[in-house]
Structure formats: C-alpha cells, structure tokens
1. Divide by every residue of the chain the summed helix terms, -39500 (n - 2.57) for each DSSP H run of at least 4, and state the resulting mean residue ellipticity at 222 nm, rounded to the nearest 500 deg cm²/dmol.
2. By a straight-distance test (C-alpha under 17 Å), which aspartates and glutamates pair with residue 50 as possible cross-link partners, with residues fewer than eight away in the same chain excluded?
3. Please list the radius of gyration and Dmax for the stretch 1-138, considering alpha-carbon atoms only, with Å as the unit.
4. In Å², what does the accessible area per residue of the chain work out to with a 1.4 Å probe?
5. Quote the relative contact order of the stretch 1-82 in percent (integer), defining contacts as alpha-carbon pairs under 8 Å separated by 6+ residues.
6. Would you mind working out the magnitude of the charge dipole of the stretch 1-149 relative to its Cα centre, with +1 at each Lys and Arg C-beta and -1 at each Asp and Glu C-beta, to the nearest 20 Debye?
7. Please report, as a whole percent, how much of the solvent-accessible surface of the stretch 69-183 comes from carbon and sulfur atoms (probe radius 1.4 Å).
8. Please state the charge dipole magnitude for the stretch 67-183, taken about the Cα centre, from unit charges on C-beta atoms (+1 on K and R, -1 on D and E), reported in debye and rounded to the nearest 20.
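The values are calculated or read from the model by the stated rules, or taken from the named source; none is laboratory data. Not measured: the values here are computed from a predicted model. Glycine gets a Cβ as well: all are built from the backbone with ideal geometry, and neighbour counts include every protein chain shown. To get the accessible areas, we keep the full protein, side chains included, count just its heavy atoms, and leave off ligands, DNA and RNA. Shrake-Rupley method; radii C 1.70, N 1.55, O 1.52, S 1.80 Å.
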Amino acid sequence: GDAMFRAAELLYSRQRYDEAEPQYAAVLKQGSDTPYFEPAQYKYAWSLYKQSKYAEALPVFLAILGRDLPADASDDPAKALAAVPPAKLGVAEDALRVASLSFAALGGGKAVNDYIAAHGEPRYAVLLYQALGEQMLKRQRYNDAAGAYAAFIALHPRSPLAPRFQGQAIAAYRAGGFVDQLL
C-alpha cells in the first residue's frame with residue numbers, strides 16, 4: 001500500500017492523473033483500515049476530476065463528505081464545516097467545493113437532482129445545493145446559481161427551507177439582471 005500510494009503521489013505531482021488514478025484505486029481496494037486510505041481516496045477523487053471525469057469523481061467526494069461531516073450537520077455550509085474536526089477540515093471544505101464544481105460541470109442544480117434520483121439523497125443534500133449556488137455566485141454565473149436554488153425547491157417544495165432557497169434564487173436572478181425571469 002505504501003509503495004502504491006507513493007507511486008501515485010509521484011505521478012499526480014507530475015500531472016499524470018490518468019496513471020495516478022489506478023494506483024490510488026489499488027490503495028483503496030486494500031480497505032479503509034489501511035493508513036493511506038483517506039489520503040488516497042481524496043487524491044483519487046482529484047485524479048478523476050482533473051481528467052474531467054466529473055460523474056466518477058462525485059461519489060468519491062461525496063463519500064468523503066459523508067465520512068467527515070458530523071451526523072447533525074447544519075444546512076449552512078460554513079456552520080457544517082465548522083463542526084468538522086480541524087484535522088479533516090481542509091479536505092471536507094475542498095470536497096464540498098469540488099463536488100459543487102463537478103455538479104456545475106454536469107448541469108448544475110438539475111445534475112444534483114438527477115444524482116439524488118439515481119443514488120438516493122445524502123443526509124447533507126441541502127449543503128450540496130447551497131454550496132453549488134454559492135460557487136456559481138462567486139463565478140458570477142447568476143442564472144446557474146438561481147437554478148441550483150430552484151432545483152432544491154423542485155425536489156423539496158414543502159420543505160421549511162424552500163422559502164429561503166426561493167429568496168436566494170430571486171436574489172441571484174436580480175444580481176444577474178434577469179428581472180424578466182422573475183415576472
């Protein structure tokens with residue numbers, strides 16, 4: 001496991017992601033009890049992402065979030081991440097950010113809904129919509145941000161969080177000058 005992990009790290013550092021990917025996968029096959037499992041899982045997800053294999057990277061990043069986020073994670077990304085142990089915080093923050101970017105590359109809020117329909121809803125699903133919307137706002141992709149918030153509402157129209165997401169969708173539309181879409 002040590003040798004495979006170090007080989008993968010060397011390949012990854014040389015941006016040979018397609019070659020690093022199977023090395024990391026081999027470490028993961030040894031099981032979660034090995035000392036290299038968590039760093040290999042993280043870098044495996046990144047290797048996939050760097051090759052634009054977003055659909056393949058997503059379940060790996062989401063598995064990291066499932067492991068690292070507390071069971072009672074807040075629906076606010078900042079609060080949820082604040083509850084992650086400090087040693088795992090950077091990985092959890094990065095996993096949420098890159099999962100959001102992967103969903104964006106796959107179609108935004110609709111991609112989140114499609115993923116949930118195919119794989120079930122993770123306990124931290126609200127964070128995925130929120131983080132996707134925030135990432136799109138940071139990139140000034142206002143329509144995509146609004147779409148992320150609207151996708152939550154489409155899947156959870158009776159949720160007590162729906163009004164908050166509706167307000168965020170409206171604010172994103174307004175920020176992007178899409179006033180006509182509000183009428």
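1. Numbers: 10 runs with 134 residues, N = 183.
Helix contribution divided over all residues of the chain: -23500 deg cm²/dmol.
2. 9, 18, 19, 21, 94
3. For the stretch 1-138, the Cα-based Rg and Dmax read 14.9, 42 Å.
4. Values: 9200 Å² over 183 residues.
Accessible area per residue, the chain: 50 Å².
5. The normalised contact order for the stretch 1-82 reaches 21 percent.
6. Working: 16 positive and 18 negative charges, 72 e Å.
Rounded to the nearest 20 debye, it is 340 debye.
7. Details: 3200 of 5750 Å².
Exposed carbon and sulfur together represent 56 percent of the surface.
8. Details: 12 positive and 11 negative charges, 22 e Å.
Charge dipole of the stretch 67-183: 100 debye, to the nearest 20.
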